[in-house]
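The next block holds one structure in the form of structure tokens; read it before the comments.
The values are calculated or read from the model by the stated rules, or taken from the named source; none is laboratory data. In this text, all values refer to a predicted model and were calculated from it rather than measured experimentally. In this analysis, Cβ positions are derived from the backbone assuming ideal geometry, glycine residues included, and neighbour counts consider all displayed protein chains.
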Amino acid sequence: MIKNELDLNGEDFNEIKIENVGKVFLSKGNRNSIILEKNSEDRNVDFLIVDGIAFIKTLHSVEENKRDNYNLYITFKSEDISINILNVGSFQTKDKVNFKTIKLKAINCGQINLSVVSQSLFFDLQNVFSLKISGDTDTLTLQKNNVMLSNLRKFIVKNDSGNFY
């Protein structure tokens, strides 16, 4: 696999929109970065940052998708992040991430596996096969449609009336 850090041209982002990627790994850091990992040198990826939003879309046919594998490693420095994913194999954290606010919209995702500490989580999920969340948050807003398997067992949501498991 070949890893390349995408050139941000000095622009910051706190929102990202991703389409047609195998795996997406989320982390927190002291600077924004996006690393693309792929099987070949071919550049079949559209990448653009406009008004603080990073757009990443792999461009390939169904036949190419079967043999090419695209993975993204995204590091956010912002405390408030927004992520939109479409047609993604998996979205996950490597380690526990700490953000003030996480907004995630996912359509057609194989698996979501997150370990988070946050003040607010907003999830809008459609056609997700597996959802696993661990960690804790003060508030959770979960809108889901056609989520097959969910596991929030080690996840604590705090509010005025106490803790919920």
Name every residue in segment 96-132 that is aliphatic (A, V, I, L, M) and over 17 Å from Gln143 (Cβ atoms), in order of residue number.
-> Val97, Val116, Val117
How many residues, within segment 5-42, are polar (S, T, N, Q) and not in a strand (DSSP E or B)?
-> 6
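Per-residue answers, yes or no, for (1) touching a helix residue (DSSP H, G or I) at 6+ places or on another chain (Cβ under 6 Å); (2) under 24 Å from Glu11 (Cα atoms); (3) assigned to a strand (DSSP E or B):
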position	(1), (2), (3)
Ser78	no, yes, no
Ile83	no, yes, yes
Leu104	no, yes, yes
Leu125	no, no, yes
Lys132	no, no, yes
Asn146	no, no, yes
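This table checks each residue for (1) of a type in the set (Val, Ile, Thr); (2) surrounded by 16 or more Cβ atoms within 10 Å (Cβ to Cβ); (3) modelled with pLDDT under 95.
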site: Lys57; (1), (2), (3): no, yes, yes
site: Tyr70; (1), (2), (3): no, yes, yes
site: Ser78; (1), (2), (3): no, yes, yes
site: Ile81; (1), (2), (3): yes, yes, no
site: Val88; (1), (2), (3): yes, yes, yes
site: Phe91; (1), (2), (3): no, yes, no
site: Lys94; (1), (2), (3): no, no, yes
site: Ile102; (1), (2), (3): yes, yes, no
site: Leu121; (1), (2), (3): no, yes, yes
